Amino acid sequence: MEKNVKKLQSATDLQKLRDKLIGKEDAQKVLITVCGGTGCRAYGCVKVANALKKEIKKQDLKDKVRLKLTGCHGFCERGPLVVVHPDKIMYERVTPEDVPEIIAETVLENRIIERLLYTDPVTEEKIKHEHEVPFYAKQERLVFGSNGLIEPTSIEDYIAIGGYSALSKTLFEMKPEEVIEDIKKSGLRGRGGGGFPTGRKWESCRNAPSTNGTRYIICNADEGDPGAYMDRSLLEGNPHSVIEGMIIGAFAIGSHEGYVYVRHEYPLAVENLEIALKQVRKCGLLGKNILGSGFDFDIKVSRGGGAFVCGESTALMASLEGEIGEPRPKHIHTVVSGLYGKPTNLNNVETWANIPLIIDRGADWYSRIGTEGSKGTKIFSLVGKINNTGLVEVPMGITLKEIIYGIGGGIPGGKKFKAVQTGGPSGGCIPESLIDLEVDFDKLKEAGSMMGSGGMIVMDETTCMVDLAKYFTKFLTEESCGKCVPCREGLDRTLDILTDITEGRGKEGDVELLEELGGVIKDAALCALGGTAPNPVLSTIRYFRDEYEAHIKEKRCPAGVCKALITFSIDEEKCTGCGRCAKVCPQGAIAGEKKKLHSIDQEKCIRCGLCRDNCKFDAIVVS
């Protein structure tokens, strides 16, 4: 934060600072933004940003060019990403060696560097503007959009784009009951997985009796789903939006103490969050007498140990109290008796980041986005067998087809789409026949899956659904706290049966037993982790029962994945005798003379698949 920024004593002070910051922005300057999310950092974006800084200094362009290392832009696999404004020229996979050319050509001469542009995998067209890239063009980035425009460690950047105006409006123009009514009217539902109406939760917490008036609010940033990183990227890239949402929520509920419970494995998110908290305290936007309103509220950061079960509300609160992170019976809801036995409101990162938008633009505006029962947008982590992977923000009600093909660019290598799993490890698998399904809380639940926190894993024809169910069941078995019998014993037994099926020991009645076990676990488990854990198994049985039957009755894996049920052989018509398969075989199981048909010794073959992966002529047959 700039040293000359004084403590803000009123709403007027905040507005004056915003006007000053906007006035300092020179529209004539070229702005270069570099994605600084964790994904792009792994690709070397910090080196790119440093190279740009040096080149700007070398060319004496400080008065003409601004540089920002922003939060995650979402298109993670294409990093490092560099966008040159105001034309929003997007370059992908940029290296420090590309920097002099970007400055010389694009910044100074307004010429495009073709080799750095994104190439559409379907049309093979080079696309120069960020907003025209299909991955971005079909999104509605209300919550996530600011990530690519501001530096996460700059409170001035956030204030300049309207940050904390919703807080000012809340403190000086609204009563707590009016704030809650707006959130209820907006239709916002919790983005952490449960989908409970946010306004109703706030209202219950505010109205809950408390002996000394103490109420807590918590931000759940303990994101543990494999392949999901929406909350991490929001907290890394725009921590102020989460902080502002929490302060507004605290005012509405009557809380003066809040916590952000964040995964230990998210160091950048923690670093940026703690910097942001220091900034807002110094500015008078957090702590005692916020903006001179008389309202007091502060936030503490607590780092979790990485247990998946601590994403569950009562387990998270137990961990915050210093106890073992395991769920508690919910005879009384946490909004009545939560942290330290006091009324506690828990929402996740994305939910809190939605709050300033609703207060700023109005509940009516927000409620017009989405479907009847699911309002607003949702951020998904789109990963798996898909051309464009990354974080996408879409309006509720968009179809799976629009996400997978319109934004995701379809399936790589001309493969056929098979299924998509939504909702994380305890979500369900939705088949190709339901690809036109609208994505909202209720439709996904009807299909045997759920919204969850926003994981979306795409699978193609090479995915074995039985093996997939085993993978997620194994994950959930390992992450189960073991406190209740249905989850502890039920998941163990489910995993045993699935393992037998994939290793050729499946028998008649196993599928029915899996269904029965799943039903018992769902009905009797103590917490939501156990209650949803059977989803991967039950949904794959529901839509892909034939694959289970093939494994059990025919001892065959249709996808060619389960090693115990497959055999590799060589197609004599396609084999050219190049010898590539023999060279990569770790067991020496493939033999044959050069330019003549090769063969596989089945006793030596360990079914690793390297021969198939390396054959350029598709001569390796799986049966």
Conditions (1) touching a helix residue (DSSP H, G or I) at 6+ places or on another chain (Cβ under 9 Å); (2) in a loop (DSSP other than H, G, I, E, B); (3) surrounded by fewer than 20 Cβ atoms within 10 Å (Cβ to Cβ): number failed by VAL143: (3)
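Listed here are the residues, each with its yes/no results for (1) in a loop (DSSP other than H, G, I, E, B); (2) surrounded by 15 or more Cβ atoms within 10 Å (Cβ to Cβ); (3) small (Gly, Ala, Ser).
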site: LEU468; (1), (2), (3): no, yes, no
site: THR473; (1), (2), (3): no, yes, no
site: GLU478; (1), (2), (3): no, no, no
site: GLY490; (1), (2), (3): no, yes, yes
site: GLY506; (1), (2), (3): yes, yes, yes
site: GLU516; (1), (2), (3): no, no, no
site: LEU538; (1), (2), (3): no, yes, no
Any hit, region 53-65, residues being assigned to a loop (DSSP other than H, G, I, E, B) and crowded, with 24+ Cβ neighbours inside 10 Å: no
Scope region 346-376; condition out of contact with any Lys or Arg (no Cβ under 7 Å at 6 or more places or on another chain), surrounded by 21 or more Cβ atoms within 10 Å (Cβ to Cβ) and among the β-branched types (Val, Ile, Thr); matching residues: VAL349, ILE355, ILE358
Number of positions in region 609-622 that are touching a Lys or Arg at 6+ places or on another chain (Cβ under 8 Å) and closer than 11 Å to PHE568 by Cβ: 4
Filter result for ASN345 (within 18 Å of GLY193 (Cβ to Cβ), of a type outside the set (Gly, Ala, Ser) and assigned to a helix (DSSP H, G or I)): no
Subset of region 14-25 that is touching a residue at least 24 places away in the same chain (Cβ under 8 Å) and surrounded by fewer than 21 Cβ atoms within 10 Å (Cβ to Cβ) - its residue that is farthest from SER168 (Cα to Cα): GLU25
Identity of the residue in region 436-465, more than 20 Å from the chain's Cα centre (by Cα) and of a type in the set (Ser, Thr, Tyr), that ends up surrounded by the fewest Cβ atoms within 10 Å (Cβ to Cβ): THR462
Test result for ARG612, in contact with a Phe, Trp or Tyr (Cβ under 8 Å, 6 or more places away or on another chain), in contact (Cβ under 8 Å) with a residue 12 or more places away in the chain and either closer than 29 Å to THR499 by Cα or not assigned by TED's automatic domain parsing to the domain that holds GLY509 (or both): yes
Selection from region 304-345 of residues that are closer than 14 Å to GLY530 by Cα and crowded, with 23+ Cβ neighbours inside 10 Å: PHE308, VAL309, CYS310, GLY311, GLU312, SER313, THR314, ALA315, PRO327
Subset of region 243-301 that is assigned to a loop (DSSP other than H, G, I, E, B) and crowded, with 22+ Cβ neighbours inside 10 Å - its residue that is modelled with the lowest pLDDT: TYR266
Candidates ILE112, ILE180 - the one that is of a type in the set (A, V, I, L, M, F, W, C) and either under 24 Å from LEU391 (Cα atoms) or assigned to a loop (DSSP other than H, G, I, E, B) (or both): ILE112
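Tell me which residues, restricted to region 509-526, are closer than 27 Å to LYS330 by Cβ and of a type outside the set (Lys, Arg). Before the answer, list the steps.
Residues of region 509-526 that are closer than 27 Å to LYS330 by Cβ, as a first pass: 515-526.
Correct list: GLU515, GLU516, LEU517, GLY518, GLY519, VAL520, ILE521, ASP523, ALA524, ALA525, LEU526.
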Number of positions in region 468-487 that are acidic (Asp, Glu) and either outside the structural domain of GLU547 (by TED's automatic domain parsing) or free of Cβ contacts under 8 Å to residues at least 60 places away in the same chain (or both): 1
Residue in region 32-55 that is farthest from TYR91 (Cα to Cα), counting only those that are modelled with pLDDT under 95 and hydrophobic (A, V, I, L, M, F, W, C): ALA42
Unique match (being assigned by TED's automatic domain parsing to the domain that holds ASN50, among the acidic types (Asp, Glu), under 28 Å from the mean Cα position of the chain (by Cα) and not in a loop (DSSP other than H, G, I, E, B)) among GLU105, GLU101, GLU97, GLU77: GLU77
Odd one out for THR123 among (1) at pLDDT 95 or above; (2) of a type outside the set (D, E, K, R); (3) in a loop (DSSP other than H, G, I, E, B): (1)
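Sort through GLU402, GLU393 and tell me the only one that's of a type in the set (Asp, Glu) and in contact with a Gly (Cβ under 8 Å, 6 or more places away or on another chain).
Numbers: GLU402 fails: in contact with a Gly (Cβ under 8 Å, 6 or more places away or on another chain).
Matching residue, one of GLU402, GLU393: GLU393.
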Any hit, region 392-402, residues being farther than 26 Å from GLU132 by Cα, assigned to a helix (DSSP H, G or I) and not small (Gly, Ala, Ser): no
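Here's a check for you: in region 553-584, which residue that is farther than 16 Å from PHE617 by Cβ and in contact with a helix residue (DSSP H, G or I) (Cβ under 6 Å, 6 or more places away or on another chain) is surrounded by the fewest Cβ atoms within 10 Å (Cβ to Cβ)?
Ranking the qualifying residues of region 553-584, first place goes to LYS555.
The values are calculated or read from the model by the stated rules, or taken from the named source; none is laboratory data. Every value quoted in this text rests on a predicted model; they were computed, and no experiment measured them. No Cβ is skipped: glycine too gets one built from the backbone with ideal geometry, and neighbour counts run over all protein chains shown.
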